[in-house]
Structure formats: structure tokens, C-alpha cells
Amino acid sequence: MLETAFTLLDYPISYLELIGTLAGLISVWLAMKNHLWTWPAGLVNVVAFALLFYRFRLYSDALLQVYFFGMSLYGWWAWRKHDRPEERVKTLSGTHRGQWLLVIGAGTLVLGSVMSRVHLWAPSFFPEAAAYPFPDAFTTVASIIATYLLAKRFLESWVLWVVVDLVSIVLYFSKGIMLVGLEYILFLGLATAGGLRWWHELKNR
């Protein structure tokens, strides 16, 4: 699956990158529309990206896909079970927002520290040092929280996704994963549109 599917402007695009990118775009577009099939499309995306990120030594991002897989199953179940209008979009309290920010900050420091040394502790699984361990850790931790909040239909999930997308764009272009970097530019637009759409839904209700 790492074989080149086609070349775009001298950049070879592998089947993994192509499949993961297309599935990810479909998943985020469906999430913006608050559609149940967000989660099945997400399952295809995370499997492809788990293999791709491991190949590029973005270990935190690779491990993150395992969590995404479980949360995609949970989100699929939760949205099917709680699909009544009154259980759709909602917002966090100010206290809960502050608590989640502290969790993200602490989680980034801990995971970044671990991933900067993981090649020393488990060289058979991680033969090379992690690339950009702290930015990679931030996107991982923030994505974990954002996915959970999305599954619970909290509006703040989209704010987190906007921040994650901005950091990810820089990270993936720095690593030369060009198609994924371009995908995250589209994700940024979709996250912004998704947040506005959910806000209007909440406001109108």
C-alpha cells in the first residue's frame, strides 16, 4: 500500500495516503453536516493513516489512530442511540473549558517527553527518534479531546479542530507529507464551516 498510486507535481502519492486522505475529507464533511456516516468513513481514514504515520516516524500520530478507531466505533454507536434533536449540539461550561485546556497542556508535556525518548526505550518498535515530538504530541492530545467532544456533540470540538489543523499543516509540510498537508488545509476550512454550522443550529434551537 506504500506503492505510488500517481505522481502530482513530482510528488509521489501512495495508495495509503490517497485512501486515508479521501476518507478523512469525507468524514469531516459528514461531521460538518452532523451526519451519522461520519464515523464509518473515519474508520477507513484512521487505519490508513496509522500505517502512514508510522512510516514517517510520527509515532504519537500513529498511536493516536488506535484511539480514533475506538472513538469512531463509540461515536457511531452514540450518534445512533442519541439522535433526538434535543441531544444534538451543546456547549461546555467555562469551568469545563478551563479543565480541558489544562488536560491538553499537561498531556502534551507528558506525551512529548515520552515520545522524545521512546526510540531509546523500545528501539525494536521505534528504530529512529521521533520527529517533532512536542508538536506531534500536542496534535495528538488535542485531537483526542476534540474527537471525544465531537462524539458528545459539543460545539467546542470544532474550535479545537481548527487549532489542531493549523499545527498539523505546518507539521506535515515540514515532514514532506504533502498530500496530507494539503488535506489539512481543507480540514481547516471544513472545521471553520462546521463550527459555524453547529453554532447556527444551536442558536436557532
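The values are calculated or read from the model by the stated rules, or taken from the named source; none is laboratory data. The structure displayed is predicted, hence computed values, not measured ones. A quick note on method: Cβ atoms are made from the backbone with ideal geometry, for glycine too, and the neighbour counts reach across all protein chains shown. These accessible areas exclude ligands, DNA and RNA; they are computed on the full protein's heavy atoms, side chains included. Shrake-Rupley method; radii C 1.70, N 1.55, O 1.52, S 1.80 Å.
Quick rundown of the values:
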| item | result |
| --- | --- |
| Criterion: in contact with a Lys or Arg (Cβ under 8 Å, 6 or more places away or on another chain), more than 18 Å from S157 (Cα to Cα) and open to solvent by less than 40 Å² (accessible area, probe 1.4 Å) - qualifying residue of A78, A131 | A131 |
| Restricting the stretch 46-70 to residues that are open to solvent by 20 Å² or more (accessible area, probe 1.4 Å) and at pLDDT 85 or above, the residue that is nearest to L155 (Cα to Cα) | F68 |
| Odd one out for V103 among (1) in contact (Cβ under 8 Å) with a residue 40 or more places away in the chain; (2) within 14 Å of the chain's Cα centre (by Cα) | (2) |
| Any hit, the stretch 122-138, residues being closer than 24 Å to K33 by Cα and either hydrophobic (A, V, I, L, M, F, W, C) or under 19 Å from the mean Cα position of the chain (by Cα) (or both) | no |
| Breaking point among (1) in a helix (DSSP H, G or I); (2) open to solvent by 30 Å² or more (accessible area, probe 1.4 Å), for D136 | (2) |
| The stretch 175-199: number of residues that are closer than 19 Å to Y132 by Cβ and either of a type in the set (S, T, Y) or open to solvent by less than 10 Å² (accessible area, probe 1.4 Å) (or both) | 5 |
| Candidate set from the stretch 151-160 (those that are touching a residue at least 60 places away in the same chain (Cβ under 8 Å) and in a helix (DSSP H, G or I)); member that is least open to solvent (accessible area, probe 1.4 Å) | A151 |
